[in-house]
Amino acid sequence: MKCDVLTLFPDILTACLDESILKRAREKELLEVNLCNIRDFTTDTHRTVDDSPFGGGAGMVFKPEPIFRAMDFLGEDGEPRKVVLLSPQGRPFNQSMAEEYAREEKRFVFICGRYEGIDERVKALVDEEVSIGDYVMTGGELAALVIIDAVTRLIPGVLGDERSIENESFSWGVLDYPHYTRPREYRGMNVPQVLLSGDHEKIWCWRRKEALRKTREVRPDLIEKTGLSEIDKKILAELSSEENG
Ligand code: ADE
């Protein structure tokens, strides 16, 4: 995946891109990130990127010109890109969007907003406005990083073991099951016996049951959305009867 990130604070992204899996993905050339400082596309001596809103009101608005100029510059190579604007008003980002981005799009531009908002005319450049959740951050940089991270780890070759993606939270449509490693006993807490049994079918059932238990407790909305298999319905009924008696 190749992406350009338009931002006023490239260092926010550098810190994360230079660590761990994102760093390795860049070294393996599976991820390429070009950080583009919007201030470099201003033309006045004060390098102004914001102005007060027409119609009045508190706060400042991101001016359109530096963003349009930055996009003109990036567009010079003629390569098609999907342009994503990060904002709390966008389509909520989730795992299926991460999968869609990893599958279909090769090249992205992420525009990170700041201030109270961005001049509406910038939307003429944008293919999709995306939010990472129902809260307001100081800017879109962390949101761009969240998306880059979630998409990059789905690119084949980025993670060591692709099986870990197949089994993880959300790809089952529910939350992840509990994990244990050595030691078998720690401070009086034991690893569940079934995980030591070597019986793969029993282990699968236990994991599915624990995943459903957790999901029902903290994200019942996911269970409604996912649509349960007959086995899941049986497991949920078992959970309820265990609780009721
Ligand atoms: N910028 C500020 N808050 C945001 C959010 N929740 N998602 C995406 N971009 C943002």
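What do you get for Rg/Rh over the stretch 91-200 if you use C-alpha atoms and the Kirkwood form of Rh?
Details: Rg = 19.6 Å, Rh = 17.4 Å.
Looking at the stretch 91-200, the ratio lands at 1.13.
Over the stretch 67-134, all Cα pairs binned in 10 Å intervals from 0 give whole-percent P(r) values of 18, 52, 28, 2, listed from short to long. Simple spin-label estimate for residue 116 and residue 194 gives 5.6 nm between the two label positions (7 Å along the Cα-to-Cβ direction from each Cα).
Length gain on complete extension for the stretch residue 123 to residue 91, per 0.36 nm per residue less the alpha carbon to alpha carbon distance? Write down the numbers at each step before the final one.
Numbers: separation 32, 0.36 × 32 = 11.52 nm, distance 1.40 nm.
Answer, rounded to one decimal: 10.1 nm.
Between residue 229 and residue 205, the simple label model (points 7 Å from Cα in the Cβ direction) yields a spacing of 1.4 nm. Solvent-accessible area per residue in the chain equals 60 Å², computed with a 1.4 angstrom probe and all protein chains kept. Eigenvalues of the alpha-carbon gyration tensor of the stretch 155-245, scaled by 5 and square-rooted, set the equivalent ellipsoid semi-axes at 23, 21, 12 angstrom, largest first.
Seen from all directions on average, the stretch 96-153 presents a Cα convex hull projection of 4.4 nm².
On alpha carbon coordinates alone, what is the Rg over Rh value for the stretch 36-164, Rh being the Kirkwood radius?
On the way: Rg = 16.2 Å, Rh = 16.0 Å.
So for the stretch 36-164, dividing Rg by the Kirkwood Rh gives 1.01.
If you place +1 on the Cβ of every Lys and Arg and -1 on the Cβ of every Asp and Glu, how big does the dipole about the Cα centre of the stretch 107-167 come out, in debye to the nearest 20? Intermediate results must be reported in sequence, preceding the final value.
Values: 6 positive and 12 negative charges, 35 e Å.
The calculated dipole for the stretch 107-167 is roughly 180 debye.
If the segment from residue 165 to residue 79 were pulled out straight at 0.36 nm per residue, it would be longer than the present Cα-Cα gap by 27.9 nm.
Note on the chain: with neighbouring protein chains present and a 1.4 Å probe, carbon and sulfur make up 51 percent of its accessible heavy-atom surface. Between 0 and 90 degrees, the angle of helix 95-104 with respect to the longest Cα principal axis of the chain falls at about 60 degrees.
Working from Cα pairs under 8 Å separated by at least six residues, relative contact order for the stretch 83-128 is 70 percent. In the stretch 156-245, Cα pairs under 8 Å separated by at least six residues give a relative contact order of 27 percent.
Longest stretch of the chain clear of exposed loop sites (chymotrypsin sites (Phe, Trp or Tyr not before Pro), DSSP loop, at most 11 other Cβ atoms within 10 Å, sites excluded): 136-245. If each Cα of the stretch 173-221 is one equal point scatterer, what is log10 of I(q)/I(0) from the Debye formula at q = 0.19 Å⁻¹? Evaluating at q = 0.19 Å⁻¹ gives log10 I(q)/I(0) of -0.69.
With a bin width of 5 angstrom, please list the P(r) values of the chain as percents of all Cα-Cα pairs, from the 0 bin to the one holding the largest distance. Final binned percentages: 1, 5, 11, 13, 14, 13, 10, 9, 8, 6, 4, 3, 2, 0, 0. For residue 96, the accessible area of its heavy atoms, probed at 1.4 Å with every protein chain present, is near 70 square angstrom. Applying a threshold of 19 Å to the alpha-carbon distances of 82/123; 23/82; 106/225; 2/63 flags 23/82; 106/225; 2/63 as lying beyond it. Sparsely packed loop sites in the stretch 167-245 (the trypsin sites (Lys or Arg not before Pro) outside DSSP H, G, I, E and B with at most 12 other Cβ atoms within 10 Å) comprise 184, 187.
How long are the three semi-axes of the equivalent ellipsoid of the stretch 1-94, in whole Å, if each is the root of 5 times an eigenvalue of the C-alpha gyration tensor, listed from largest down? Before the final figure, lay out the partial values.
Details: eigenvalues 151, 55, 42 Å².
They are 27, 17, 15 Å, listed largest first.
Of the residues 45, 97, 192, the one whose Cα sits farthest towards the positive end of the charge dipole of the chain is 192 (charges of +1 on Lys and Arg Cβ, -1 on Asp and Glu Cβ, taken about the Cα centre).
Relative contact order of the chain, please, whole-number percent, based on alpha carbon pairs below 8 angstrom and at least 6 residues apart.
Values: 321 pairs, mean separation 45.2, N = 245.
With pairs under 8 Å counted, the relative contact order is 18 percent.
The values are calculated or read from the model by the stated rules, or taken from the named source; none is laboratory data. This one's a predicted model, so the numbers in the text were calculated from it and none came from an experiment. Don't worry about glycine lacking a Cβ; one is built from the backbone with ideal geometry, like all the others, and counts go over all protein chains shown. All accessible areas refer to the heavy atoms of the entire protein, side chains included, with ligands and DNA or RNA removed. Shrake-Rupley method; radii C 1.70, N 1.55, O 1.52, S 1.80 Å.
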